[in-house]
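Here's the structure we're looking at; comments come further down.
Laboratory data are not the source of any read-out in this text; all were calculated from the coordinates shown. This structure is a prediction, so every number in the text was calculated from the model and none was measured. Cβ atoms come from the backbone with ideal geometry, glycine included; neighbour counts cover every protein chain shown.
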Amino acid sequence: MTTPAEPNVVPFPKAEKVKSSTERIWGAAVRKYGYTGIPSILIQGQRRLGVTPLQMNILLQLLDYYIDPTRPPFPRKALIAERMGVSAKTIQINMRALEKAGLIQREIRKKAAGDYDSNIYHLDGLIARVRALEPEFREAREERQRTKRRVEMPRGRREAE
């Protein structure tokens, strides 16, 4: 009786890991410390949102702490001030302005002993305002695409202008 031959197993080639665009731009060493996703609409719509450059920097600092949508950021104002090279009072004044504009909402936290802890900052207002800008950005993109298609079409084949 003959024994069945061992099947010839060909190893499956390992797929090469595709690096993220962030890693390709900044490198693996920088990428391993994390990154923050900032929507282009927030950056390009800064003026429409009525956000000063200092307030934009504060928002970016808050977004750096906003890792999980179920857990709003709660950094200390002093830490943000230190990172930005401004006073804690400057941060406080500008956060109040952002709160008044409806972009952030501050929730005061207390420790079990009754002492104040760092505030929680809800960014729902900012997110809603950025989402509300999306239709304008979509329409502008579609208009650019229509213009590009029209210009690329030979004059004799274009629809009546």
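By the scheme Lys and Arg +1, Asp and Glu -1, what is the net charge of all other residues having a beta-carbon under 15 Å from that of Thr22?
Summing Lys and Arg as +1 and Asp and Glu as -1 gives +3.
Looking at the chain from every direction and averaging, what is the projected area of its Cα convex hull in nm²?
23.3 nm²
Using a Gaussian network model on the chain with a 10 Å cutoff between Cα atoms, which of Arg24, Arg144, Arg47 fluctuates the most?
Arg24
Pick out, in residue order, every one of the chymotrypsin sites (Phe, Trp or Tyr not before Pro) in the stretch 13-55 that is DSSP loop and has at most 11 other C-beta atoms within 10 Å; say none if there are none.
Taking the stretch 13-55 and a limit of 11 other Cβ atoms within 10 Å, the loop chymotrypsin sites (Phe, Trp or Tyr not before Pro) found are Tyr33.
Give a quick list of GluC sites (Glu not before Pro) in the stretch 1-84 that DSSP marks as loop, anything other than H, G, I, E or B, with at most 15 other Cβ atoms within 10 Å.
Listed in order of number, the matching sites are Glu16.
Past the 22 angstrom mark, what percentage of all C-alpha to C-alpha distances in the stretch 24-119 do you count?
36 percent
Given springs between every Cα pair under 10 Å in a Gaussian network model of the chain, which of Leu133, Leu59, Leu42 has the largest fluctuation?
So, out of Leu133, Leu59, Leu42, the one fluctuating most is Leu133.
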